[in-house]
Amino acid sequence: MINNMIQFLKQLSGNRGANIYSSTSQTDPKQIAFMRQIERERKKEQVLDIPLTELKIVVFDIETTGFSPDQGDRILSIGAIKMKGSKLLEDDTFYSLVYSEQSPSLKVQTLTGITLDQLNEAPKIEEVFKAFNQFVQASPLVAHHSNHEKKFMSYFSWTTLRKGFNRRLIDTSFLTQIVNPSLNFVTLDECCSHFGIPISQRHHALGDAIMTAKLWGENVQAVQERGFRTLRDVYTHLARK
């Protein structure tokens, strides 16, 4: 549990010690300036103490060719939706495929519906990352099983833009641990089924992001009913367990 709490605090506070602007000679100067502005805004914002009803976040999901970016697996698509409190901002979404010259495996094509022809027409990952950063601005990120997203976003942010993925990233499990501490849900399908959230467009990055956002919204409402007002309240409770 102590390790989980350390991970939780890191997710909320961000990795302040990393120099995300080192080795940026290949990055667009305008992009560097933009990211510096985002860093300044993040430092001003006290995310832990914003009321959950007012907290603005971006819930996102990625589709990939596998689980190991350092072994050649790639990001195929990124989808995201903005939220305020427990409310989905349904008109404020992001979705993009990512250019590739390599075809996904037949299994991945069947699972995601993504084909080589679609990837050939998509923007390159550098452009997708820049557009995603513009969409997210200074908002914290939320994902289901966030380690997967963090691993890929960190790897490709460094290899393509030469900067770290220095964003707050919160896993949905930190609220479900409070709402349903005795239940050991793993998959997004299991979590959505428990809360009565319709499962649709599964393994589509935006579809999964929307379902994850609905899951987050249900849990935000549930923890508020239990007396939690901020993410700091959530952290303090979990740290005591």
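The values are calculated or read from the model by the stated rules, or taken from the named source; none is laboratory data. On a predicted model such as this, the values are computed, not experimentally measured, just so you know. Note that each Cβ is placed from the backbone with ideal geometry, even for glycine, and that neighbours are counted across all protein chains shown. Accessible surface is based on the protein model in full, side chains and every heavy atom, while ligands, DNA and RNA are left aside. Shrake-Rupley method; radii C 1.70, N 1.55, O 1.52, S 1.80 Å.
Stretching LYS124 away from ARG202 to a fully extended chain increases their span by 25.7 nm, per 0.36 nm per residue minus the current alpha-carbon distance.
Diagonalising the gyration tensor over the Cα atoms of the range 160-205 and scaling each eigenvalue by 5 before taking the square root yields semi-axes of 27, 17, 7 Å, largest first. Distance distribution note for the range 113-216: the fraction of Cα pairs above 17 angstrom is 61%.
A simple spin-label model places pseudo-atoms 7 Å from Cα toward Cβ; at GLU54 and ASP189 they are separated by 4.1 nm. Ranking of ASP117, ASP233 by solvent-accessible surface, largest first: ASP117, ASP233 (1.4 Å probe, protein heavy atoms only, all chains present).
The stretch between GLN71 and ARG232, if pulled fully straight at 0.36 nm per residue, gains 54.2 nm over its current Cα-Cα span. For the range 48-150, build the charge dipole from Cβ charges (+1 Lys, Arg; -1 Asp, Glu) around the Cα centre, then report which of THR93, THR64, SER146 sits farthest towards its positive end. The Cα lying farthest towards the positive end belongs to SER146. Modelled spin labels at ALA239 and THR115, positioned 7 Å past Cα toward Cβ, are 5.3 nm from each other.
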